[in-house]
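Scroll down for the structure; my scribbles are underneath it.
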Amino acid sequence: MTSPRTPLIIGAGPAGLTAALELMNRGVTPRLYEASAEVGGLARTPTDGDWRIDPGGHRFFTRNEDIMDLWKCLLPHDEWLVVGRRSAMLVGGHYVRYPLLGRDLLTQMGYRRGLRGLSSLAWSRLRRNFRLNDRDENFRQWGVGEFGRHWYEMFFDGYVRKTWLTEPEQLTSDWANQRIKPIGWRRSHASDPVSRDVFRYPRLGPGQLWEAAAGTLAHNGVVPRLNSPVTKLGFDGATWTLELADGDTATGDAVFSSMPLRLLVDALEPAPPKHIRAVAAALRHRSLITVAVGVDTRRDIPFNWVYTPGKDFHCGRIQNYRRWSNDLAPRGFGGAFLGFEYFIAPNGDLWNADDEHLTELVTQDLRALGLGGAAVARVMIVRCEFAYPIYDPVRDRSVVRIRDYLRQQYPSLYPMGRNGMHHYDNQDHAMLSAMRSVARAFGENVDPWQVNTDIGYHETGLLRK
């Protein structure tokens, strides 16, 4: 039986595609509009021949059984890899494992520096015990209290300035509590599978999953319309009208939106009150440029990610794609395949840099990594404008004001996902917010805005083989 509902979905990333699948499973046929030429959002996998890029480094792990079941339904078992997470900070020529381990900090860069860091940590912890309210900390206060001034300045201060493009005092500690693991002081047992930090990964990159999702939708008559940015959202009290950049329009009875929250508010007609538009306009994002380089030298960097907090690197992080999946590089290629990530402000100087300038920049970072003499086989450049919401001191209050206004004035409008809610979500969080948005549209008592609001580190999840 065909449902009379006519929902519209903005964005074909993890949230938008999940919302479409959920609606389809409930007998509803949505229409789906994506601004770019590909599905998957930041989790897409751009290709150049047999070369494949993961723009952000996407680990597939979750605590939610429904998310895990959906992943397994979309891709067959033999298309999934089980990958052990190995990350490091590259400081002064030393690869220091991350999350940080106490025994490495005390020995790897010399006992004198280790003891200095330990005494700094003890003093910071003592001072933190006398603070009354840690919830109002900025990132610097949190970092010094958690790691001590010495280790905070060594590993995090420069990294935060480079990747968040602001002073550490201008960032809240909320995202850090969720994503930065405390120093580990106990030795883990490699033979114990529970202690291993492992995740799933599609053999051909994260976009393989989202292309499979789009294929499932198309098989059921829902084909995402690509290259179709939404410029206006009109609402007459009952019907939504989306206006696309090419002048086409679409009407429906509900909208599920993963477009950046500030762009959503700006596109609404009639225009929201001035104070709502003002707080929305103040929401900020980081952009991401990934420069992937294949070089003929086989450099065995035993890490998926290498963080580069020092000033000797322009990039903020390096991905070692062969540690994610060998199939991201062409079959038979024997060299290193690395992704250099540059975090920038939208429309900043680097955002507008041409490919020649970016290639020169990555050449300098290759030299800093010790690969300056390697022959370059391939360079690929991927730009992501709205990659990461910035957590400044006014972010929480601004988002709450916008959320409450939209709920009151537009009960059939459902923001979802990382950009739609201006919340630093992983893929599974974005998917869960979409699932709950659809459930809410069907009258269920769930709140999508409560997804990923736990305080404390939770970047580990359930992995079932």
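Quick notes
- Ellipsoid fit via the Cα gyration tensor, the range 383-434: semi-axes of 19, 15, 9 Å, each the root of five times an eigenvalue, largest first.
- Under Karplus coefficients 6.51, -1.76 and 1.60, residue-wise ³J(HN,Hα) of the range 203-211 in Hz, glycine/proline x: 4, 9, x, x, x, 4, 5, 6, 5
- For the range 272-423: relative contact order, % (alpha-carbon pairs under 8 angstrom, 6 or more apart): 35 percent
- Amide hydrogen neighbours beyond the local backbone of residue 285, cut-off 5 Å, H modeled: 390
- Point-charge dipole on Cβ atoms (K/R +1, D/E -1) for the chain, about Cα centre, debye to 20: 1820 debye
- For a label point 7 Å along the Cα-to-beta-carbon line of residue 331, residues of the range 31-55 with backbone N under 20 Å: 47-53
- Projected label distance in nm at residue 111 and residue 125, using a 7 Å step from Cα toward the beta-carbon: 2.1 nm
- Relative to the current alpha-carbon distance between residue 248 and residue 118, full extension at 0.36 nm per residue lengthens the span by 40.6 nm.
- Bridge type composition, the chain - antiparallel percent by DSSP, nearest 5: 75 percent
- Using 0.36 nm per residue and subtracting the Cα-Cα separation, the extra length available between residue 167 and residue 409 on full extension is 83.5 nm.
- Residues of the range 87-119 with amide N under 16 Å of the 7 Å Cα→Cβ point at residue 153: 92, 113-119
- Cα long-axis angle, helix 395-409 against the chain (0 to 90 degrees, to the nearest 10): 10 degrees
- Solvent-free Debye calculation, one equal scatterer per alpha-carbon of the range 408-452: log10 I(q)/I(0) at 0.15, 0.24 Å⁻¹ equals -0.32, -0.78.
- Computed over the range 216-269: relative contact order in percent, which uses C-alpha pairs under 8 Å that are six or more apart: 29 percent
- Largest-first principal axis extents, alpha carbons of the range 294-353, Å: 38, 23, 18
- The residues of the chain expose on average 44 square angstrom of accessible surface per residue, using a 1.4 Å probe on protein heavy atoms.
- Within the chain, helix-based [θ] at 222 nm, where runs of 4 or more DSSP H residues each add -39,500 (n - 2.57), nearest 500: -9500 deg cm²/dmol
- Of the solvent-accessible surface of the chain, computed with a 1.4 Å probe and all protein chains present, 48% belongs to carbon and sulfur.
- In this structure, the amide hydrogen of residue 91, modeled 1.01 Å from its nitrogen in the peptide plane, lies closer than 5 angstrom to those of 96, counting only residues at least 5 positions away or on a different chain.
- Spatial extent of the chain: Rg and Dmax, with the Cα atoms as the point set, Å: 22.6, 73
- Across the range 314-337, no residue has a backbone nitrogen under 13 Å from the label position 7 Å along the beta-carbon direction of residue 363.
- Those aspartates and glutamates that a straight Cα-Cα span of less than 18 Å connects to residue 274, excepting residues fewer than 8 apart in one chain: 266, 404
- Here r is the Cβ-Cβ distance between residue 235 and residue 345 and R0 is 41 Å; the resulting FRET efficiency, rounded to 0.05, is 0.80.
- Overall form of the range 45-107 per C-alpha gyration tensor (a/c, 1.5; a/b vs b/c): oblate
- Taking 7 Å steps out from each Cα toward its Cβ at residue 274 and residue 216 produces label points 4.8 nm apart.
- For the range 12-143, taking the reciprocal of the average inverse distance between every pair of different Cα atoms yields a Kirkwood hydrodynamic radius of 20.0 Å.
The values are calculated or read from the model by the stated rules, or taken from the named source; none is laboratory data. If you're wondering where the values come from, they're calculated on a predicted model, not measured in any experiment. Neighbour counts run over all protein chains shown; Cβ positions are idealised from the backbone, glycine included. These accessible areas exclude ligands, DNA and RNA; they are computed on the full protein's heavy atoms, side chains included. Shrake-Rupley method; radii C 1.70, N 1.55, O 1.52, S 1.80 Å.
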